[in-house]
Amino acid sequence: MTANEIRDSFKKYFESKGHAIVPSAPMVVKGDPTLMFTNAGMNQFKDIFLGNAPRKYPRAADTQKCLRVSGKHNDLEEVGHDTYHHTMFEMLGNWSFGDYFKQGAIDAAWEYLVSILHLNPEDLYVTVFEGDEKEGLARDEEAAKFWRKHVPEDHIINGNKHDNFWEMGDTGPCGPCSEIHIDLRSDEERKAIPGTELVNKDHPQVIEIWNLVFMQFNRKADQSLEPLPAKVIDTGMGFERLCMALQGKTSNYDTDVFTPMIDKIAALSGKQYGEDHKVDVAMRVIADHI
Ligand code: SER
């Protein structure tokens, strides 16, 4: 599938499940002093999450252009040096505003990846929030239970507050999350080290593709957690990473999202991509920034 076909299939799938398809919000955030640039698909819905604005639809989906170059979510140092972080990227997301919750989000994500896109379930691992004593939060047994319907126990991995409790910023909506990771390594590499040992270990071929956030709290300025007026689903999938997985590549820059740009940079600079590590990093940085 081409990148355009992948984007369309995501919207089509969630539209068929009763989601309103909404446009990407502008990347420069207006009217929210806590955030300069859009860092997640949920930003445009923040006021609905907090109960400050009425919901316009019970379910929505979109592809949101995000910029993670400052503040709580900042990937700038990784860009170009690795093959799967970007300054600007697209986030495919679906939302439920007090409609379906954990089970609906988990079942839909699984159906889309496995039945629609035909990713091999054996390559997929999921994480659940292990709980946090300081916050007074228990392990997310509910999410683990819903995942057991789809994956064997050894594909369900506990994650700590850093990886499995998503927060928009220092204040604002937040909640435990479950991430879906994919193992893109060769059979030989998998035999040597099982994928389960490499989840959340910065391996470039064992990476998170989709984050399902079970939004339940508002983090206040005094750092306390206040329950949201309604439980909300907020998911975000890395579009460029999904393209990598579906196009059988091992780098986002080898997908058709980036190859036209890399080819042009090569033509203009007279340098070949893939010959010299330092040059490759520079070419990836330029492609990303463009
Ligand atoms: N807000 C979550 C994230 O950015 C899920 O969309 O990862």
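The numbers here are math on the coordinates, done by the rules we state, and not lab data. Note that the structure is predicted; figures quoted are calculated from it, not measured. Neighbour counts are summed over all protein chains in view; Cβ atoms, including those assigned to glycine, are modelled from backbone coordinates with ideal geometry.
At a glance:
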| item | result |
| --- | --- |
| Summed residue charge, Cβ within 15 Å of residue 92's Cβ, Lys/Arg positive, Asp/Glu negative | -3 |
| Dipole magnitude of region 1-131 about its Cα centre (Cβ charges: Lys, Arg +1; Asp, Glu -1), debye to nearest 20 | 680 |
| Partners for residue 134 among lysines (Cα-Cα distance below 30 Å; same-chain residues under 8 apart left out) | 46, 72, 102, 145, 161, 201, 220, 231 |
| Peptides 31-42, 194-205 ordered by average Cβ neighbours within 10 Å, highest first | 31-42, 194-205 |
| Burial order of peptide ranges 52-60, 173-181 (average beta-carbon count within 10 Å, highest first) | 173-181, 52-60 |
| Percentage relative contact order, region 161-228, counting C-alpha pairs under 8 Å, at least six apart | 39 |
| Span from the region 145-214 Cα centroid across to the region 88-123 one, whole angstrom | 14 |
| Counted charge near residue 39, where neighbours are those whose Cβ lies closer than 14 Å (Asp, Glu -1; Lys, Arg +1) | -2 |
| Candidates 103, 216, 272, ranked by Gaussian network fluctuation over the chain, Cα under 10 Å, top entry | 272 |
| Mean projection area, nm², convex hull over Cα of region 211-290 | 8.3 |
| Helical contribution to [θ] at 222 nm, DSSP H n ≥ 4, -39,500 (n - 2.57), averaged over the chain, rounded to 500 | -7500 deg cm²/dmol |
| Reciprocal of mean inverse Cα separation for the chain (Kirkwood radius, Å) | 19.7 |
| Per-selection Rg to Rh, region 8-81 - Cα, Kirkwood hydrodynamic radius | 1.02 |
| For region 1-66 and region 239-290, distance of Cα centres in Å | 27 |
